[in-house]
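This report concerns only the one structure given below.
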Amino acid sequence: MTDWQLRESTQGKLALFKGDTLVADPVMPVLAFPFSAPEESISIVDEYSREMAWLDRLDQLDAASQTVLKDYLAVREYRPVVSRITSVSTYSTPSVWTLETDKGLCKFELPTDESIRRLGGSRLVLTHANGMQFIIEDMFALDARSRQILARFMA
């Protein structure tokens, strides 16, 4: 356990404390490995991107700080999880995809074939033309039609 604490500041941002002493306000967590190890290797940087603290693991923080950090990252690292690919506008890029996600139905523009990336195993990340990312946790768990669409773009 570390004596670093993260709390919400009066402006609604994150502030870093060491014990009861304010170290920096505002701060931002930066995940070294956001896909493969989202609860490990976390840098806390100030508004000038200077590293103020390093956490090997999220559980080094007290429970209240963990909650504040997880809530912050849930907004900042917003990545809907794809459960089904409903349709695509064309089998060449750019193309517009309709996806069912854990956040609801959405349309997604795949700008290039390279916008589909393997994360390891059967995990994929799809990157929208605007930079937003969608996660496929297990491409083999998708329905047959979704897998068929993916196969056409990943060949």
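None of the figures in this text is laboratory data; all of them are computed from the coordinates on show. On a predicted model such as this, the values are computed, not experimentally measured, just so you know. Cβ sites come from the backbone with ideal geometry, for glycine too, and all protein chains shown count toward neighbours.
Numbers for the structure displayed
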item	result
One residue from ASP102, ASP113 being loosely packed, with under 13 Cβ neighbours inside 10 Å and of a type in the set (Asp, Glu)	ASP102
Condition met for GLN148 (polar (S, T, N, Q) and closer than 30 Å to PRO26 by Cβ)	no
Test: residue in the range 136-148 that is of a type in the set (Ser, Thr, Tyr), touching a helix residue (DSSP H, G or I) at 6+ places or on another chain (Cβ under 9 Å), surrounded by 13 or more Cβ atoms within 10 Å (Cβ to Cβ) and over 12 Å from VAL88 (Cβ atoms)	no
Matching option when the condition is acidic (Asp, Glu) and farther than 16 Å from LEU73 by Cβ, among GLU40, GLU51, GLU8	GLU51
Residue match in the range 78-93 (condition: buried (at least 17 other Cβ atoms within 10 Å of the Cβ), within 23 Å of PHE33 (Cα to Cα), in contact with a Phe, Trp or Tyr (Cβ under 7 Å, 6 or more places away or on another chain) and of a type in the set (A, V, I, L, M, F, W, C))	yes
Residues (free of Cβ contacts under 8 Å to residues at least 40 places away in the same chain, hydrophobic (A, V, I, L, M, F, W, C) and more than 11 Å from LEU6 (Cβ to Cβ)) located in the range 17-31	LEU22, VAL30
3 or more residues within 22 Å of ASP138 (Cα to Cα): qualifying strands (runs of 3 or more DSSP E) within the range 1-107	82-88, 95-101
